[in-house]
Amino acid sequence: MYPERTGEYLETIFLLVRKNNSPARTKQIAEALNVTSPSVTEMVRRLSEAGLVDYRPYYGAELTEQGSLQAIKLRHSNRVLRRFLSEVLGMEPETATKEASVLEHSTSEIVLDHICRYMRHAEICPKCEEQPDGRKCCNLSE
């Protein structure tokens, strides 16, 4: 599986389930990712085999706990990187969004933590709370 494609699917399913308050349908995922329904079915089955998605044909797909955690981490990485690229490096918002989508798949947690500290992320993001492990990070549930 390709990590960036896996991430795109996980994030898309995460957002669709949240938006619809029901499982994400193959057709919805295909439209959101601009791919064919058979491609979605194949990838969702792979994600299901990997334990990231609960998929039932004709019903839809939902993320498992492990899949949700990965999607939330990717969304967090994207948010931090997008903000860093636009606010610190001065990139145009559209360019920062595209670049953050690429970088989110290869940036380690160590780098993200340093970027957050550099940007004084706790001050920028009022939702930051002290985490059990002592790190400051975004409330990842949103």
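The values are calculated or read from the model by the stated rules, or taken from the named source; none is laboratory data. None of the values given here were measured: they were computed from a predicted structure. Backbone-built Cβ (ideal geometry, glycine too); neighbour counts: all protein chains shown.
Tabulated data
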quantity	calculated
Subset of region 1-43 [in contact with a helix residue (DSSP H, G or I) (Cβ under 7 Å, 6 or more places away or on another chain), outside any helix (DSSP H, G or I) and surrounded by fewer than 16 Cβ atoms within 10 Å (Cβ to Cβ)]	Met1, Thr36
Complete set of residues in region 88-102 that are farther than 14 Å from Glu11 by Cα and surrounded by fewer than 16 Cβ atoms within 10 Å (Cβ to Cβ)	Val88, Leu89, Gly90, Glu92, Pro93, Glu94, Thr95, Thr97, Lys98
When residues of region 68-110 are limited to those that are over 30 Å from Ala24 (Cβ atoms) and hydrophobic (A, V, I, L, M, F, W, C), the one nearest to the chain's Cα centre (by Cα)	Ile110
Residue within region 50-58 that is part of a helix (DSSP H, G or I) and in contact with a helix residue (DSSP H, G or I) (Cβ under 8 Å, 6 or more places away or on another chain) present	no
Matching option when the condition is under 14 Å from Thr6 (Cα atoms), in contact (Cβ under 8 Å) with a residue 12 or more places away in the chain and either surrounded by 20 or more Cβ atoms within 10 Å (Cβ to Cβ) or not assigned by TED's automatic domain parsing to the domain that holds Arg18 (or both), among Leu81, Leu74, Leu85	Leu74
Test: residue in region 63-73 that is in a loop (DSSP other than H, G, I, E, B), at pLDDT 95 or above and not β-branched (Val, Ile, Thr)	no
